[in-house]
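Notes for the one structure printed next.
The values are calculated or read from the model by the stated rules, or taken from the named source; none is laboratory data. Because the structure is a prediction, the values reported are computed rather than measured. Because the Cβ atoms are built from the backbone with ideal geometry, glycine has one as well, and the counts that use them run over all protein chains shown. The protein model used for the area step is the full one, side chains on, heavy atoms only, and it has no ligands, DNA or RNA in it. Shrake-Rupley method; radii C 1.70, N 1.55, O 1.52, S 1.80 Å.
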Amino acid sequence: MQKLVEEIQKLKKERNAVIVAHNYQLPEVQDIADFRGDSLELSRMAAKSHAKVIVFCGVYFMAETASILSPDKTVIMPDTAAGCPLANMITAEDLRELKSRHPKAVSVGYVNTSAEVKAELDYCCTSSNAVKVISSLKDAEEIIFIPDKYLADYASKKTGRRLISWDGYCPTHVKILPEDIIRSIRLHPKAKVIAHPECASEVASLADEVLSTGKTCEFVKKSEAKEFIIATEVGLVYRLHKDNPDKKFYPASELAVCPNMKRTNLEKILWALEEMKNEVRVSDEIRKKAKKSIDAMMSIG
């Protein structure tokens with residue numbers, strides 16, 4: 001493995017590349033990355049870097065977002081077959097049809113969507129700022145929220161706004177059951193429970209905090225608690241352990257593994273840098289429209 005790492009580091013310099021890895025990636029992929037984080041956070045960090053090439057270790061919509069924010073850079077994926085089932089649950093055509101049934105509605109979409117879907121939105125949002133985005137739309141008669149029904153439910157409860165939601169969900173997060181949380185609390189009674197807002201509503205209601213992966217990392221670092229039950233994809237536990245060696249972390253369910261997030265490995269990163277294939281590029285027409293929804297989100301602060 002050390003030889004692989006050395007070859008990747010050498011090629012990375014030659015290509016003037018930056019490697020970014022989502023918090024759910026394999027430990028060795030997280031270790032070799034220049035940046036680790038949430039999907040949008042990674043795209044923004046990569047855009048600010050002086051690198052000419054972005055190696056995106058995540059799923060397809062994330063690499064698209066990097067392309068939207070960095071049109072002058074080459075975005076490559078170690079495995080372009082790494083998709084997101086949640087993002088694939090809605091198409092641009094689906095959204096247009098939904099908007100036609102609610103012509104006065106403002107449309108808000110989770111970052112976990114394709115570039116084509118983002119191009120049809122008024123506002124983009126992340127799991128950490130969805131509540132803030134919805135709260136800002138005080139004058140909106142109706143609000144469409146796509147594609148995650150559980151994030152929609154969470155944002156609706158937090159803001160008191162009724163949302164027109166899509167019936168999408170993350171297949172990995174729905175594997176975490178209320179029974180898993182109850183069992184984990186019995187085993188670790190002193191632990192704080194942190195759930196991702198993509199979890200089912202019954203799971204979120206049992207948590208002490210409902211946070212995105214990035215906000216979870218921030219919360220844990222500042223918290224005086226020493227034990228945490230983590231209700232999200234298991235990959236985050238590795239990062240939390242590494243960043244907080246004095247604290248203990250327990251995955252709520254060992255079944256919460258995203259197979260697409262685990263497709264990327266060191267060999268594929270090396271091949272991507274060697275061959276410079278698997279480029280992800282969003283067309284100018286779609287990119288400009290999609291960027292408007294991201295910029296609208298950023299303007300909220």
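Go through (1) open to solvent by less than 10 Å² (accessible area, probe 1.4 Å); (2) touching a strand residue (DSSP E or B) at 6+ places or on another chain (Cβ under 6 Å); (3) among the hydrophobic types (A, V, I, L, M, F, W, C) and name the single condition I8 misses. Of the numbered conditions (1) open to solvent by less than 10 Å² (accessible area, probe 1.4 Å); (2) touching a strand residue (DSSP E or B) at 6+ places or on another chain (Cβ under 6 Å); (3) among the hydrophobic types (A, V, I, L, M, F, W, C), the odd one out for I8 is (2).
Conditions (1) out of contact with any Leu (no Cβ under 7 Å at 6 or more places or on another chain); (2) not charged (D, E, K, R), marked per residue:
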{"residue": "R15", "(1), (2)": "no, no"}
{"residue": "I19", "(1), (2)": "yes, yes"}
{"residue": "D31", "(1), (2)": "yes, no"}
{"residue": "G37", "(1), (2)": "yes, yes"}
{"residue": "L69", "(1), (2)": "yes, yes"}
{"residue": "D79", "(1), (2)": "yes, no"}
{"residue": "G83", "(1), (2)": "yes, yes"}
{"residue": "I90", "(1), (2)": "yes, yes"}
{"residue": "K104", "(1), (2)": "yes, no"}
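Restricting the first member to the stretch 115-141 and to residues that are under 27 Å from I194 (Cβ atoms), and the second to residues that are hydroxyl-bearing (S, T, Y) and surrounded by fewer than 21 Cβ atoms within 10 Å (Cβ to Cβ), the beta-carbon pairs closer than 8 Å and six or more apart or on different chains are V131/T159; I134/S156; I134/T159; S135/T159. Take the conditions more than 17 Å from E274 (Cβ to Cβ), part of a loop (DSSP other than H, G, I, E, B), modelled with pLDDT of 95 or more and open to solvent by less than 20 Å² (accessible area, probe 1.4 Å) and apply them to Q25. Does it pass? Here the answer is yes, as Q25 does meet what is asked.
Here A82 clears all of (1) open to solvent by 10 Å² or more (accessible area, probe 1.4 Å); (2) of a type outside the set (F, W, Y); (3) modelled with pLDDT of 95 or more except the condition numbered (1). Of everything in the stretch 110-140 that's under 13 Å from the mean Cα position of the chain (by Cα) and among the small types (G, A, S), which residue is farthest from T216 (Cα to Cα)? Going through the qualifying residues, I end up with S114.
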